[in-house]
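Have a look at the structure below, then the notes.
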Amino acid sequence: MQKTMDVAPNDGRNETPNERSDRNWDELMQEFRVLQTGTQILAGFLVTLPFQARFTKLDAFEVTTYLVLVFLAAAVTLLALAPVALHRLLFRRGAKAVLVTAASRILIVCLALGSLLFGGVAMFVCDFVIGRTAGIVAGAGILVVVAIIWVVVPLILRRADVPDGDREDARP
């Protein structure tokens, strides 16, 4: 089969639009695997807490925080599985480009909700072990770190015009 012109002719790849979609899909699935591992560990941790003797000592704020975290963990886990379900339902229908776009958007939502989950877990644990103020500081600190490494650093790199082979306007 003869290859057609690249989607982005200057990116150094000789791939058809379908091959590019396949590659992008594979990259997204790997990113979801990383995300799922972390959220599944946190979800497992949260599910075991009610069976601990000290769980009965939680105040109303801690119980509410706990329940919000359980629902956040469930939401992130279910959303992270959504691209797999979409793929199964749209399999062999020529919808790979649509799947890539949908999965990319779902991954961004998962990362945002995961950020809240990670910050919330840090807040919950520190609140219970050290105190409310420490919990709030820990949760806020995690969210600041997430904002820096997941938002600020990529924006700085974008502005620095770092060449990237995946960019549509990448230089050879």
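A few notes on this one:
- Matching residues in the stretch 106-165 - criterion: being free of Cβ contacts under 8 Å to residues at least 24 places away in the same chain and of a type in the set (Asp, Glu): ASP161, ASP164
- Candidate set: the stretch 74-133, residues that are among the charged types (D, E, K, R) and at negative phi; chosen: the one least open to solvent (accessible area, probe 1.4 Å): ASP127
- Single condition GLY38 does not satisfy, out of (1) farther than 13 Å from PHE118 by Cα; (2) at pLDDT below 80: (1)
- Taken over the stretch 42-70, residues that are under 17 Å from GLY120 (Cα atoms) and loosely packed, with under 11 Cβ neighbours inside 10 Å amount to 3.
- Residue in the stretch 8-20 that is at pLDDT 80 or above and closer than 30 Å to ALA122 by Cα present: no
The values are calculated or read from the model by the stated rules, or taken from the named source; none is laboratory data. Being a predicted model, the structure only gives us computed values, none of them experimental. Virtual Cβ from ideal backbone geometry, glycine too; neighbours counted across all protein chains shown. Please note that ligands, DNA and RNA were not included when accessible areas were found on the heavy atoms of the full protein model with its side chains. Shrake-Rupley method; radii C 1.70, N 1.55, O 1.52, S 1.80 Å.
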